[in-house]
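Novice: Would you mind keeping the following structure in view while I ask a few things?
The values are calculated or read from the model by the stated rules, or taken from the named source; none is laboratory data. In this text the structure is predicted, and so the values were computed from the model without any measurement. Heads up, the Cβs are rebuilt from the backbone with ideal geometry, glycines too, and the neighbour counts pull from every protein chain shown.
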């Protein structure tokens, strides 16, 4: 059967690739393998030949902290987003995208799973082809590629504060000594 990826997921993949062009794609996935074909999965093409799930690799070293991005995206979900599985948790549209423990075998630690469309995993139906932007890289709270840089900046600030505290302590000691000498 010929298949295609849901257009909304093509947009997501394009935005993630633009945000992190050097990211690893080792755990990326669209259409399911034979193991997926034996069970209900949005990685399997529906009756219209549309795959309604994508896995995107977690690669923070190359600008793609997909778990942070997943958390940001459920705060302002795409119109077609049905659920996300990320780092042992799942956030579903029907629960208001509240994060809950994921009980499946694959905890999705090496990638995040984004699912679009309505209905059961065995046969998701439209809408899934909305080409509205997912907003990757556009929002302040979307820090998927910024984590390492922010941590480095925090460390620099902490070192500066430590130096300033040492200088202040030395100055206070000099003032105390000067006050002792004045008596």
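Novice: Looking only at region 102-134, how many residues end up being under 19 Å from residue 5 (Cα atoms) and assigned to a loop (DSSP other than H, G, I, E, B)?
Specialist: Residues that pass the stated criteria total 16.
Novice: Test each condition in (1) within 23 Å of residue 25 (Cβ to Cβ); (2) in contact (Cβ under 8 Å) with a residue 24 or more places away in the chain for residue 88 and report the one that comes out false.
Specialist: Of (1) within 23 Å of residue 25 (Cβ to Cβ); (2) in contact (Cβ under 8 Å) with a residue 24 or more places away in the chain, only one is false for residue 88: (2).
Novice: Of (1) touching a helix residue (DSSP H, G or I) at 6+ places or on another chain (Cβ under 9 Å); (2) in a strand (DSSP E or B); (3) farther than 19 Å from residue 8 by Cα, residue 91 satisfies all except one. Which?
Specialist: In the conditions (1) touching a helix residue (DSSP H, G or I) at 6+ places or on another chain (Cβ under 9 Å); (2) in a strand (DSSP E or B); (3) farther than 19 Å from residue 8 by Cα, residue 91 misses (3) alone.
Novice: Could you please find all residues in region 1-28 being crowded, with 18+ Cβ neighbours inside 10 Å and closer than 22 Å to residue 125 by Cα?
Specialist: If the condition is that a residue be crowded, with 18+ Cβ neighbours inside 10 Å and closer than 22 Å to residue 125 by Cα, then 5, 6, 8, 9, 11, 12, 13 are the ones that fit.
Novice: Condition (residue is part of a strand (DSSP E or B), within 22 Å of residue 133 (Cα to Cα) and at pLDDT 95 or above) applied to region 66-78: is it met by at least one residue?
Specialist: No, region 66-78 contains no residue that is part of a strand (DSSP E or B), within 22 Å of residue 133 (Cα to Cα) and at pLDDT 95 or above.
Novice: Now for a different question. Is there any pair with a first residue in region 101-115 that is free of Cβ contacts under 8 Å to residues at least 24 places away in the same chain and a second that is surrounded by 12 or more Cβ atoms within 10 Å (Cβ to Cβ) whose Cβ atoms are under 6 Å apart and which are 6 or more apart or on different chains, and what are they?
Specialist: 102/85; 102/88; 102/89; 102/90; 107/88
Novice: Residue check, residue 139 against (1) within 20 Å of residue 28 (Cβ to Cβ); (2) modelled with pLDDT under 95; (3) touching a helix residue (DSSP H, G or I) at 6+ places or on another chain (Cβ under 7 Å), all met but one. Which one?
Specialist: Of everything listed in (1) within 20 Å of residue 28 (Cβ to Cβ); (2) modelled with pLDDT under 95; (3) touching a helix residue (DSSP H, G or I) at 6+ places or on another chain (Cβ under 7 Å), residue 139 misses just condition (1).
Novice: State yes or no: is residue 51 over 17 Å from the mean Cα position of the chain (by Cα), free of Cβ contacts under 8 Å to residues at least 60 places away in the same chain, surrounded by 19 or more Cβ atoms within 10 Å (Cβ to Cβ) and closer than 24 Å to residue 20 by Cα?
Specialist: yes
Novice: Pairs, please: C-beta under 7 Å, at least 6 apart or cross-chain, first residue touching a residue at least 24 places away in the same chain (Cβ under 8 Å) and in region 1-20, second assigned to a helix (DSSP H, G or I) and surrounded by fewer than 15 Cβ atoms within 10 Å (Cβ to Cβ)?
Specialist: 20/62
Novice: Does residue 83 satisfy the criteria of being touching a residue at least 12 places away in the same chain (Cβ under 8 Å) and touching a helix residue (DSSP H, G or I) at 6+ places or on another chain (Cβ under 7 Å)?
Specialist: Yes: the conditions hold for residue 83.
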